[in-house]
Amino acid sequence: MANIPTTAAGIADAVQSREVSATEVVEHHLNVIAQRDGDINAFNLVTSEHARAAALRIDNAIASGAAVGPLAGVPIAIKDNMCTRGIPTTCSSHILEGWKPPYDATVITTLGAAGAVMVGKTNLDEFAMGSSTENSAFGPTRNPLDTSRVPGGSSGGSAAAVAAGLAPVSLGSDTGGSIRQPAALCGVVGVKPTYGRVSRYGLVAFASSLDQIGPFATTVDDAALITEVIAGHDPKDSTSIPQPVPSLRAAAREGVQGMRIGRVTDLPEGAEPEVAARLNEAFAALESAGARIVDVTLPSLSYALTAYYLIAPAEASSNLARYDGVRYGMRTSAADTNAMYGATRAAGFGDEVKRRIMLGTYALSAGYYDAYYGKALKVRRLISDDFDRAYAQADVVLMPTSPMVAFPFGDKVDDPMSMYLCDIYTIPTNLAGHPAMSVPFGTGAHGLPVGVQVLAPALGEVAMFRVGGALEAAGGAR
Amino acid sequence: MKARNIEGVTSPISAEDVAKVARLARLDIADSDITHFTEQLAKVMDHFRDVDALDLSAVQPMTQPYPLVNVLRADEEQPCLDRDEVLAAAPAAEDGRFRVPPIIGLVE
């Protein structure tokens, strides 16, 4: 078999120029999955048959001289909370086990039209609630770089699939860091676009004002390529932004000459010393590439975690009310409907999902709404205002992605607050609705990868990719 | 914000609160699990004391990253999901409809 390129861009070029066939590319990846995924458990489902049929269609189109899309023959892994028509979509929850959606998410339709080939649905923390993928009802995903450690979460399966070469690129969703944190822990690039950049139609809702779909990749160029394909206005998502998508691949090659890079002087503490050291080296690298470092303050950032853990559960408690054993998923039989609801939800949801539903229901309940939820929404405004002031002085802001490198299984799983602290640097972006990306930048404790996070204002993806590209070029990426 | 007292420690949420919330959320939680969940939720709610100390009277709440506007499509007939495909995914269906257990009349 011919040499298969490791990047999505390389595969697309090779397939279009007939150096390799889409079928060869897919068979190669299905082989790697068969060899390695037993140890990693990145996939809930490998869609071999679907992938082979899609690859054959691409090969036939190329053979007949028909035009193919920019991702022709590129295998992609999809987080198992995006609806795929006729293909099980579980959210790694027993409550949706066996459910086959009657429609495709918009990203699935868009990727298919671009020629991408879905190879499987990836594992996640149940309903995307978690930072380690240990909350999956189907067993945890293991970090390919050290299988005694977590891959991060909630999109741990998508991050691990790309890190292990099971697929060159994948999609995840990010509500409080669920793309960026696992990207950092697995040593790959992860992008959370601006809220509204990528359609949420067909993404199973967790917290609707925070959720956003984005890619994992081994290179900044591939992350830009996938973002360009999936971004854009969708009439099926009323929060979708009607703005054209700029060229992000060009931005990633542009360099950072003259850019202003924000350093947060009052950043909440808690990062491991090696993580803090890599961040300092990232500033130095950007400065020597021609950027200017400017100090900014984000005084309300220390309240972000608290606000998030009221807002996200509040929205989740409402969104997850639909899993009641009536229209889809499992049902636990009981004498009447009300008893059936309680028994079905108790049997179908795991502990973390139950905790968040209860937390959210409490925050929204009579007598507590203003005291909890109302105040959290005001803190959200303070954080957004902080960012507005910072972006008046800086084009982007640099932070760690995760305070720590990949941690061992069982470290935090029964202590919700210590797990929630994993997201201390990623949550503020979701509250503000801004874009941010994690770029691998050297290693930390135990030789494990460290991610540096590039944050930008709403619709600031061009500035974000310029800096992401420069960080990769500086040699931080593996 | 009310503080509750359990076993001599001031807690932001009591076992009774958790049991009530579980009922409201239609989650059957065993009595033996309520204690565990109460401790975990109390730890999370405890962090709210920081926010509670802030003066937020002049701050406007932010519900969405962008101001909400009505988004309407043209009032034209469009295809919808296939009924049989949708009902095939339901735990129980009958005569083109979702089937559920009795709704009233069996409450003890």
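Label reach from residue A:297 (point 7 Å along Cα→C-beta): in the range B:46-71, amide nitrogens under 17 Å belong to B:55.
Taking a straight Cα-Cα cut-off under 16 Å and skipping sequence neighbours fewer than 8 places away in the same chain, the aspartates and glutamates within cross-link reach of residue B:20 are B:28, B:31, B:33, B:39. Computed with the Debye formula from one identical point scatterer per Cα of the range A:198-279, without solvent, the log10 of I(q)/I(0) at q = 0.17 Å⁻¹ comes to -0.99. Other residues with beta-carbon under 10 Å from the beta-carbon of residue B:26 carry, at +1 per Lys or Arg and -1 per Asp or Glu, a net charge of 0.
Ordering B:80, A:91, A:83 from the fewest to the most neighbouring beta carbons within 10 Å gives B:80, A:83, A:91. Taking a sphere under 14 Å around the Cβ of residue B:97 and counting the other residues whose Cβ falls inside, with K and R at +1 and D and E at -1, yields a net charge of 0. Computed from the C-beta positions of residue B:71 and residue A:17, the FRET efficiency with R₀ = 41 Å rounds to 0.45.
Over all distinct Cα-Cα pairs of the range A:41-100, the Kirkwood formula returns a hydrodynamic radius of 13.3 Å. What is the protein assembly as shown by shape, rounded, prolate or oblate, if you read a ≥ b ≥ c off the alpha carbon gyration tensor as root eigenvalues and call it rounded for a/c under 1.5, prolate for a/b larger than b/c, and oblate otherwise? It is oblate, given that a/c is not under 1.5 and a/b is not larger than b/c. From the helices alone, meaning DSSP H stretches of at least four residues, give me the mean residue ellipticity at 222 nm for chain A, per-run term -39500 (n - 2.57), in deg cm²/dmol to the nearest 500. Helices in chain A give a 222 nm mean residue ellipticity of -12000 deg cm²/dmol.
Working from Cα positions, state the angle (0 to 90°, nearest 10) between the long axis of helix B:15-24 and the longest principal axis of chain B. Long axis of B:15-24 versus the principal axis of chain B: about 10 degrees. Under the rule a/c < 1.5 gives rounded, and otherwise a/b versus b/c splits prolate from oblate, where does the range A:324-478 land using the Cα gyration tensor? Verdict is prolate for the range A:324-478.
The shape of the range A:27-134 comes out prolate: with a ≥ b ≥ c from the C-alpha gyration tensor, a/c is at least 1.5 and a/b beats b/c.
Summing +1 for each Lys or Arg and -1 for each Asp or Glu among the other residues whose beta-carbon sits under 14 angstrom from that of residue A:30 gives -2. The lysines whose alpha-carbon is closer than 17 Å to the alpha-carbon of residue B:43, local same-chain residues fewer than 8 away aside, are A:354, A:412, B:2. Here the residues A:240, A:155, ranked from fewest to most Cβ neighbours within 10 Å of their Cβ, fall in the order A:240, A:155.
Within a straight-line Cα-Cα reach of under 21 Å, residue A:100 can be paired with the following lysines, leaving aside sequence neighbours fewer than 8 residues apart in one chain: A:79, A:121, A:236. Applying 1/(1 + (r/R0)^6) with R0 = 35 Å to the Cβ-Cβ distance of residue B:94 and residue A:48 gives a FRET efficiency near 0.45.
Of all DSSP beta bridges confined to the protein assembly as shown, the antiparallel ones make up roughly 65%. Rounded to the nearest 0.05, the FRET efficiency derived from the C-beta distance between residue B:32 and residue A:208 at R0 = 35 Å is 0.55.
With N the number of residues in the range A:168-227, Rg(Cα) / (2.2 N^0.38 Å) evaluates to 1.04. Sorting A:429, B:38, A:443 from the fewest to the most surrounding beta carbons within 10 angstrom yields A:443, B:38, A:429.
Rule-based calculations on the coordinates, nothing more; no lab input. Not measured: the values here are computed from a predicted model. Note: ideal-geometry Cβ built from the backbone for every residue, glycine included; neighbour counts use all protein chains shown.
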